[in-house]
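First comes the structure, then the notes that go with it.
The values are calculated or read from the model by the stated rules, or taken from the named source; none is laboratory data. Everything numeric here is computed off the predicted structure, so don't read it as measured data. Cβ placement follows ideal geometry from the backbone for every residue including glycine, while neighbour counts extend to all protein chains displayed.
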Amino acid sequence: MKKIVLFYVLLTVFVSLNIFAEDEKILPELNDNLTDYSFASDLEIEVINELNIARTHPKFYADLLTEYRKYYSGKYLDIPGRVTIATNEGTRAVDEAIQFLKKQPELNPFRFSKGMSLGAKDHVTDQGPTGATGHNGSDGSSPFDRVNRYGKWQFYAGENIDYGNKVAREIVFSLIIDDGVRSRGHRKNIFNPRFTTVGVACGKHAVYNYMCVMTFAQAYLENEAKEE
């Protein structure tokens, strides 16, 4: 089968919104085969939970975005007590995302991959201190090279990167809204029914303060020897 790779990068400067704290009532199983999540931070686990809530309950996520939209005035995101943010598309992108979610069929949750997360973490470790952006590492590695250090991706793979957010729900919101990205590639990755497995790594970034990398695959073979 021909392998297809899809990857997108998103630069955002959204502020933290505590009103969008994660809903603990909807927490799909992360991975039946994983018993030790010590490799992942609390934020990284929250991000995978948010991704899974969006995939398994898209209409619920549409309701969340509808509430979020109230803070937009045209192209400006204006939250009381916060710095006003000038977006590229404003409410148009938010409205489009809401309508998308209302029509989006429910999908199975992602399985959380340790190896794919470690590959994503390599990119955070590489870019974070320098403030670099994009999908290629300073060593020339692609997203697919990095996840293959700890296993092997199968058939289809992709990567999203969010810069600027440090709260799980805001990270996922920004990727679903996909402001300024004509292809809506981040959104497509999250709701691609081919993708079954995800890795997540987040950390500090010298320019945008925070970054979060998500790698997706149709299937992934973990290499336990390389994960140690």
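Results, tabulated for the structure shown:
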item: So ILE19, is it more than 30 Å from ARG146 (Cβ to Cβ), outside any loop (DSSP other than H, G, I, E, B) and modelled with pLDDT under 90; result: yes
item: Every residue from segment 68-98 that is among the acidic types (Asp, Glu) and more than 14 Å from SER174 (Cα to Cα); result: ASP78
item: Failed item in (1) polar (S, T, N, Q); (2) in a helix (DSSP H, G or I); (3) out of contact with any Gly (no Cβ under 9 Å at 6 or more places or on another chain), with SER117 passing the rest; result: (3)
item: Cross-chain or 6+ apart pairs with Cβ under 6 Å, segment 63-83 first and closer than 22 Å to ILE53 by Cβ, then in a helix (DSSP H, G or I) and of a type in the set (A, V, I, L, M, F, W, C); result: LEU65/ALA97; LEU65/ILE98; THR66/ILE98; ARG69/VAL94
item: Residues satisfying the stated conditions in segment 199-212, i.e. farther than 20 Å from ARG111 by Cα, touching a strand residue (DSSP E or B) at 6+ places or on another chain (Cβ under 7 Å) and either surrounded by 24 or more Cβ atoms within 10 Å (Cβ to Cβ) or of a type in the set (A, V, I, L, M) (or both); result: MET211
item: Which numbered condition VAL124 fails, given (1) at pLDDT 95 or above; (2) surrounded by fewer than 24 Cβ atoms within 10 Å (Cβ to Cβ); (3) over 15 Å from ALA201 (Cα atoms); (4) among the β-branched types (Val, Ile, Thr); result: (3)
item: Candidates THR133, THR125 - the one that is in a loop (DSSP other than H, G, I, E, B), within 29 Å of THR196 (Cα to Cα) and in contact (Cβ under 8 Å) with a residue 40 or more places away in the chain; result: THR133
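Residue-by-condition table, conditions (1) free of Cβ contacts under 8 Å to residues at least 24 places away in the same chain; (2) closer than 20 Å to ALA97 by Cα; (3) buried (at least 19 other Cβ atoms within 10 Å of the Cβ):
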| position | (1), (2), (3) |
| --- | --- |
| SER174 | no, yes, yes |
| ASP179 | no, yes, yes |
| SER183 | no, yes, no |
| ARG187 | no, yes, yes |
| THR197 | no, no, yes |
| MET214 | no, yes, yes |
| GLU224 | yes, no, no |
